[in-house]
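Derivation of every value follows stated rules applied to the coordinates shown; laboratory data play no part. All values derive from a computational prediction rather than experimental measurement. Glycine also receives a Cβ, built like all others from the backbone with ideal geometry; neighbour counts cover every protein chain displayed.
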C-alpha cells in the first residue's frame with residue numbers, strides 16, 4: 001500500500017519559523033527551502049512514498065501546475081480553486097488502498113482529511129519530524145571526518161542534482 005503525505009503549503013510556511021523567516025527574502029526562497037527540507041528528510045528516512053505540497057496560486061492557467069523533485073511534488077492551484085479544495089479533491093480521488101496523511105492546521109482541511117479516513121498531522125508535528133531528521137544528517141557528515149570543502153562540494157552537487165540552482 002503506497003503511503004502519501006499531503007501538506008497545506010502556505011499553512012506550513014507561515015507556521016514553521018525557519019521558513020517564515022525566509023519570507024523576508026522572498027516567498028520563493030521559503031518554498032525552495034521547504035522543498036529542500038522535505039527532500040533531505042525523504043533521503044534519510046522514507047516514511048512516505050511521496051510527499052505533495054499544495055500551494056495557492058493566482059495563475060489563470062487551465063490546470064494545476066506540477067513540479068517534481070524526486071519524491072517531493074509541488075502543486076500550484078489556479079485562481080479559481082484554492083489549495084484547501086485541491087487537497088480535498090486529492091483525498092476524494094485517492095484509492096482506498098492508499099494510506100494518506102495530511103499536514104495542516106486549517107480546520108476545513110483537517111476535518112475533511114478525518115472524514116476520508118486520513119491521518120492528520122499538525123504543522124508543529126511536521127516541523128519536529130523534518131527538523132529532527134535534518135539535524136541527524138549533519139552529525140553523520142561530521143562523524144565521517146569530511147573536510148569543510150568536501151562538504152561544500154557535496155552540497156553544491158546535490159543542489160544541481162535536485163535542480164535548486
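Summary of values
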quantity	calculated
Ascending count of other beta-carbon atoms within 10 Å, so fewest first, for 97, 22	97, 22
Which of 102, 120 has the fewest Cβ neighbours within 10 Å, and the rest in rising order	120, 102
Ranked list, fewest to most other Cβ atoms within 10 Å of each Cβ, for 25, 75	25, 75
Over the chain, relative contact order from alpha-carbon pairs under 8 Å, at least 6 apart, %	25 percent
Cα centroid of region 2-31 to Cα centroid of region 64-122, whole Å	15 Å
Percent of beta bridges antiparallel (DSSP, the chain, rounded to nearest 5)	20 percent
Helix 83-93 vs. the chain, principal-axis angle (Cα, 0 to 90°, nearest 10)	80 degrees
The chain, helix-only ellipticity at 222 nm - DSSP H runs n ≥ 4, -39,500 (n - 2.57), divided by all residues, nearest 500	-16000 deg cm²/dmol
[x] -0.32, -0.75, -0.86; [y] -0.41, -0.94, -1.05; [z] -0.42, -0.80, -0.87, with the label sought being that of the calculated log10 I(q)/I(0) by the Debye sum over Cα atoms at q = 0.09, 0.14, 0.15 Å⁻¹	[x]
Folded to 0 to 90 degrees: helix 27-44 orientation relative to the chain principal axis, Cα	70 degrees
